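The values are calculated or read from the model by the stated rules, or taken from the named source; none is laboratory data. As the structure is a computational prediction, the values presented were derived from the model and not from experiment. Here Cβ is always computed from backbone atoms with ideal geometry, including for glycine, and neighbour counts include all displayed protein chains.
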């Protein structure tokens with residue numbers, strides 16, 4: 001049976017700078033130039049002040065597990081070899097939240113509030129995905 005590849009996100013014009021950052025090993029979020037709110041992913045306007053001006057800025061990549069779900073079923077054949085795996089929401093120290101995965105730990109060892117830091121998984125020459133790993137407190 002042939003293996004199925006994981007789906008790879010498309011690099012849209014709105015997300016191009018984000019993926020340029022990940023290829024450099026830097027996590028980026030959008031900063032509203034109207035009110036300074038940090039958010040992810042890219043939006044056409046700020047949900048706080050409605051400004052349409054924003055720029056990509058680097059963040060620390062440090063945060064904590066805000067929420068998680070352990071996937072026990074195969075929803076896409078590209079992830080079949082990884083079941084069970086966890087889908088997590090990481091709240092960055094700077095405030096924005098990222099949906100991602102945690103690497104370097106078994107899914108059932110993940111806990112709310114666990115400190116994590118970003119690492120990157122190469123998916124293609126264009127796409128490096130941010131993942132998170134446990135960090136020492």
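Quick notes on this one:
- Across segment 6-17, the number of residues qualifying as touching a residue at least 12 places away in the same chain (Cβ under 8 Å) and more than 11 Å from residue 58 (Cβ to Cβ) comes to 7.
- Residue within segment 36-45 that is more than 21 Å from residue 128 (Cβ to Cβ), assigned to a loop (DSSP other than H, G, I, E, B), modelled with pLDDT under 95 and out of contact with any helix residue (DSSP H, G or I) (no Cβ under 9 Å at 6 or more places or on another chain) present: yes
- Number of residues in segment 59-87 that are over 15 Å from residue 131 (Cα atoms), touching a strand residue (DSSP E or B) at 6+ places or on another chain (Cβ under 6 Å) and surrounded by 13 or more Cβ atoms within 10 Å (Cβ to Cβ) equals 2.
- Single condition residue 31 does not satisfy, out of (1) modelled with pLDDT of 95 or more; (2) crowded, with 18+ Cβ neighbours inside 10 Å; (3) within 24 Å of residue 133 (Cβ to Cβ): (3)
- Failed criterion for residue 69 (all others in (1) within 13 Å of the chain's Cα centre (by Cα); (2) not in a loop (DSSP other than H, G, I, E, B) hold): (1)
- Looking across segment 10-22, just one residue is exposed (fewer than 14 other Cβ atoms within 10 Å of the Cβ) and either modelled with pLDDT under 90 or closer than 25 Å to residue 82 by Cα (or both), and that is 10.
- Total residues in segment 115-136, condition more than 17 Å from residue 65 (Cα to Cα) and surrounded by fewer than 17 Cβ atoms within 10 Å (Cβ to Cβ): 6
- Index of the failed condition, residue 51 passing every other in (1) loosely packed, with under 13 Cβ neighbours inside 10 Å; (2) in a loop (DSSP other than H, G, I, E, B): (1)
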